[in-house]
Amino acid sequence: MKASFTHLPPAIRPLAALGDAERRRIIRSDRWVSYPLAMQTVRRVEELLQRPRVSRMRSLLIHGPSGMGKTLIRRKLERDHADGFTVPGSDRPRPLVSMQLPARPDERRFYAHLLDRLGAPARPRDTLDQIEIAAIRLLRHLQLAALLLDEFQHVGASGVRDVQALLNLIKFLANELEMPVIAFGTDASLHVLKLDTQVDSRFDKHGLRVWRDNEAFADLVCSIVAAMPLRAPSPVQDRAVMRALVALSGGITGDVFHLLTTAAATAVGGEERITLQGLEAAAAGEWQALA
């Protein structure tokens with residue numbers, strides 16, 4: 001009798017019938033998991049993008065400890081709006097441009113990285129003025145919906161003069177192009193913004209806090225496990241399992257994913273479910289890498 005795998009969502013059930021190696025590959029692959037708090041963050045960004053264009057656009061800082069899923073949220077926005085985002089008053093989709101700030105940014109590095117993301121890399125001998133003019137002309141032509149900046153805390157790694165210049169640059173781009181800036185960074189980004197009260201006042205803040213053993217955390221765990229093609233139901237809603245998972249991961253989203261993924265991949269071909277013992281073994285590194 002063919003197994004029905006009714007403990008899995010309908011879209012995942014056929015995957016549970018695949019071979020062990022293919023199921024491990026699926027479990028370990030990068031994927032978006034649509035848990036409520038992540039979708040709340042995505043909706044907040046999209047609500048901001050829907051606002052009418054004005055000369056003093058509101059911007060947004062999404063901040064939290066490293067590993068809380070900020071980059072995954074940025075990448076989802078990139079995928080969802082790869083063809084652009086239609087803003088009020090526009091007759092065509094406007095692009096989202098996303099870039100990661102270098103470790104020690106200054107104005108030249110900022111514009112050089114931006115031009116590279118736009119597919120128009122700067123020439124090594126170009127002056128800062130030339131790079132800036134080229135970037136502004138191209139950005140005006142593109143009519144961006146928003147500029148997404150990852151690793152925003154890197155601004156604070158620059159010298160005092162460069163920090164102020166970068167904050168002025170970000171304010172200038174938002175004003176000149178009438179677009180929001182969506183910044184992603186650690187909590188240190190809050191301190192960076194406070195170095196310029198004018199820039200700080202234009203940014204709304206959306207914090208991603210470490211997880212606690214509550215209903216929201218249960219939603220996250222169940223969403224992750226539901227996408228894994230294991231052939232037996234995992235008792236992840238058991239209180240002891242939930243408490244242990246919070247403690248073992250420190251409440252960091254990336255570590256939650258790692259522990260669940262490792263325990264699930266190890267269970268394929270064996271118990272076919274995530275157990276408390278499997279999570280503890282994953283946390284201790286007491287598992288064997290499988291082909």
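Run down V236, V256, V246 and say which single residue is surrounded by 16 or more Cβ atoms within 10 Å (Cβ to Cβ), at pLDDT below 95 and farther than 21 Å from G19 by Cβ.
On the way: V256 fails: at pLDDT below 95; V246 fails: at pLDDT below 95.
So the residue among V236, V256, V246 that is surrounded by 16 or more Cβ atoms within 10 Å (Cβ to Cβ), at pLDDT below 95 and farther than 21 Å from G19 by Cβ is V236.
Considering each of V54, V45 in turn, give the residue that is within 25 Å of Q143 (Cβ to Cβ) and exposed (fewer than 12 other Cβ atoms within 10 Å of the Cβ). Can you show your working first?
Values: V45 fails: exposed (fewer than 12 other Cβ atoms within 10 Å of the Cβ).
Answer to the selection: V54.
So, A112, is that one in a loop (DSSP other than H, G, I, E, B), free of Cβ contacts under 8 Å to residues at least 24 places away in the same chain and crowded, with 19+ Cβ neighbours inside 10 Å or not? So that I can check it myself, show each step before the final result.
Details: in a loop (DSSP other than H, G, I, E, B): no; free of Cβ contacts under 8 Å to residues at least 24 places away in the same chain: yes; crowded, with 19+ Cβ neighbours inside 10 Å: yes.
Criteria not met by A112.
Sort out which residues of the range 220-242 are touching a Leu at 6+ places or on another chain (Cβ under 8 Å), assigned to a helix (DSSP H, G or I) and touching a residue at least 60 places away in the same chain (Cβ under 8 Å), and write them in order of number.
Passing the criteria: L220, I224, A226.
If you scan the range 138-153, which residues turn out to be in contact (Cβ under 8 Å) with a residue 24 or more places away in the chain and not hydrophobic (A, V, I, L, M, F, W, C)?
Hits for the range 138-153 are R140, Q143, D150, E151, Q153.
Taking the options S59, S55, S34, name whichever one is among the hydroxyl-bearing types (S, T, Y) and modelled with pLDDT of 95 or more. Walk me through how you get there before you give the answer.
Numbers: S55 fails: modelled with pLDDT of 95 or more; S34 fails: modelled with pLDDT of 95 or more.
From the options S59, S55, S34, the qualifying one is S59.
The values are calculated or read from the model by the stated rules, or taken from the named source; none is laboratory data. As the structure is a prediction and not an experimental result, all values here were calculated from the model. Heads up, the Cβs are rebuilt from the backbone with ideal geometry, glycines too, and the neighbour counts pull from every protein chain shown.
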